[in-house]
Every structure is written in C-alpha cells, then in structure tokens.
Amino acid sequence: MNTETQQQHRFGVHSEFGTLREVMVGRLDDFAYPRWHPNIRYLGGETAELLKRADEPTVYVKDIVPEIWEQAHEQLENVVSAFEKDGVKVHRPRCFTEEEKEYLATLQGGHSLLYPADPVFVLGDHFIETCTRRWFRRRETWAIRDVIKPMIDADPEARHVSIPRAQPSRDDDCGPGPFLEGGDIIILGKDLLVGHGPLTSNLAGVDWLRRYIEPFGYKVHPVELQGDYLHLLGVMCLLREGLLMAYLPALGNVLPDLIADWDVIDLTLEECLALGTVGMNLDRKRHMIDECFTRIMGELDKRGMEPVSMPMNYLSRWGGAVRCVTLPIIRDA
C-alpha cells in the first residue's frame, strides 16, 4: 500500500506506470447518452439498440434501464474503493449545471461525466483542456476544471491551457476539428505517442499538441489507427518499460518505432473490442483490469505483473473501462 502523504507529491503526470498518487474518477449522476448517431458507432449490442430506439435526443439511462444504471454505479464506486484502499487520493467532478447541459444541445443531446480521461488531460505539469469529436462530450470540461483548478493555482509550475474549440458542424465526422482526446495520448517520459483516426483525435489536434508541447522538451510521435477504434488506449497499453499489450492489426501490424523492440502481449480482436487494453497501472508491478480477461491476466502473471481485477461489464458497455473512468492527476515518473 502507498503510505506516503499526498503533500509530498506535486501536481503532474509523468508516465503510464509510475506510482499513482491522485486521480479523478467519473460519476453517474444524471447520466444521459445521445440517441444513436454515427459518431457513437463504437457502441454495440444492447446499448446500441437502446439508443437506436430512442425518440428523444437525450436518453436518460437511470429512468429507462434503472437496473443497468445501478450495476454501473456499483462498479464505478468499486473502482473508487480500490484506489482508496491502495492509498490513492480520489477526486470527483462536480455535477453539471442546467446551462451546461444545454451547451451544443442543438447538435447532440446527452451529457455524461463517466469518463473524465478524455475531455481534459494532465501531461507533465500541463493541464490541457482537449476538444472531443462528439459534441455531447464537450460539456464535461467545466465540471472537471472547477475541481482541479485549485490544485493548479497552488502550484506555480503548473500550466493550464485549452486547444482551440472546434467549429460547429452537422456532418457525421463532426467537422474539421481540431480534435484531441485524452484517450489518444500515451506518456513515455518526454516522448508522447498520440493516436489519430476516424473516431477520436485527428491530425489537426495532434499538430496543435506538437506545436504547444514540444518547446517544453517533449516529442510527439503520431500513431494512426487503422479502423474505427476508440482511442489509441483502446488498442495499446504500456505496462512497464519494455512491456506492452496491443491489438496489432489496429496499428497496421507494426509497433511505433519508439517501442518497436518491446515485448508484446498480443490481444485478439474480441479482447480488443471488449476493451482489454483499457486497464491502468497502480505502479510498475500492478495493473487494474476487467475480471473477464482471464487469459490476459495469465500473461501478466507470467511476466511478473500482478493483475488487480474487478468487474467492469456494466461500465464498459458505454465505451470505456477503468482507464477511461480515471483521470490521473499525480503520477510519478
């Protein structure tokens, strides 16, 4: 267990597998999804059918399928408990205001604070407000910002910046962007793997990040996703120096040069679509993961990593798992 006091650690995230100190975990209060649109085609099964049947622009999940909401809420609070048991300090976003729920409602209904890892991102000591491709997710920034801003204000080295807002567009791809989402950014010291593809970040967003962050000593390495995959973290996860898991066909069957010689736990398409890479490390030796991935957990164990498993099946049906519901705020190098 991490017994060091939180006051010993400064605001900032410097890796994917250094010891985790503070996080923000999403919330399910007033959880609502938009009715079906091509920009949420990453959803499938019963969830997709539920949204396709909707008559109204906003689908209030707790009202329509209360048993699903209750199970998802229980699993989310289990994530919070797991972090707190390990000594990780947990923050939660505040609830939406009514005015925030109305933002861009003419383009898309719905509002969610379940997955705070995408609308903002902590990169080193930079707090970056991103711009998501899906209109309904652009409402989330303020509820997260208000909680984290006092931490930024208390640290003279912390920086707070926002990518330019994407112009409104009704086309299926949501316009030219720039789009940049936290789930597409993987930190490896001063090197950044940044995904881009048809569902999330695009090259305009990657280029903005490059121009902003490289003067601070970082290097951006663009990684193209080959198909409709939700985020780079949806197809690849760095576990420790020299070890990763990935669904290689989504990367064109080639790892980025930066990690080309690393040991790879190969995932199947089924494991990838079930979000097998969307776990997260507590440190270099322990990886939080959905309990359904018994084969992957066996591969982790063979390589000296401890799987920390928990049920995620009701959370993952909305497009994300433990890494998506968690925004790291303080993580060691």
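Among the listed values (1) 50, 44, 40; (2) 60, 38, 36; (3) 66, 44, 43, the one matching Cα extents along the principal axes in Å as calculated from this structure is (1).
For the residue pair Glu70 and Asp266, what label-to-label distance in nm results when each label sits 7 Å from Cα along the Cα-to-beta-carbon direction? Taking the simple label geometry, Glu70 and Asp266 are separated by 4.4 nm. Taken one residue at a time, the phi angles of region 13-19 give Karplus couplings (6.51, -1.76, 1.60, θ = phi - 60°) of 10, 10, 5, 9, 9, x, 4 Hz. Gly and Pro are set to x. For region 203-220, backbone phi angles converted through the Karplus equation (6.51, -1.76, 1.60; θ = phi - 60°) give residue-by-residue couplings of 5, 5, x, 4, 5, 4, 4, 4, 5, 6, 8, 5, x, 8, x, 8, 10, 8 Hz, Gly and Pro being listed as x. DSSP beta bridges fully contained in the chain are about 50 percent antiparallel. Summarised in one figure, the compactness ratio Rg/Rh of region 47-138, Cα atoms and Kirkwood Rh, is 1.00. Rg/Rh for region 206-247 (Cα atoms only, Rh after Kirkwood) is 1.04. Each of Thr47, Thr97 was scored by other Cβ atoms within 10 Å of its Cβ. Arranged with the fewest first, they read Thr97, Thr47.
Charged side chains reduced to their Cβ positions (Lys and Arg at +1, Asp and Glu at -1) give the chain a dipole of some 460 debye around its Cα centre.
The local environment of Phe127, defined by Cβ-Cβ distances under 12 Å, has a net charge of -2 under the rule Lys, Arg +1 and Asp, Glu -1.
I'd like the trypsin sites (Lys or Arg not before Pro) in region 100-200 restricted to DSSP loop residues with at most 15 other Cβ atoms within 10 Å, sorted by number. Here the sparse-neighbourhood loop sites are Arg165, Arg170, Lys190.
Sites counted here are GluC sites (Glu not before Pro) in a DSSP loop (not H, G, I, E or B) having no more than 11 other Cβ atoms within 10 Å; the longest part of the chain that contains none of them is 158-333.
Computed from the coordinates by the stated procedures, all read-outs in this text should not be read as laboratory data. Because the structure is predicted, anything quoted here is derived from the model rather than measured. Please note: Cβ atoms are built from the backbone with ideal geometry, for glycine as well, and neighbour counts cover all protein chains shown.
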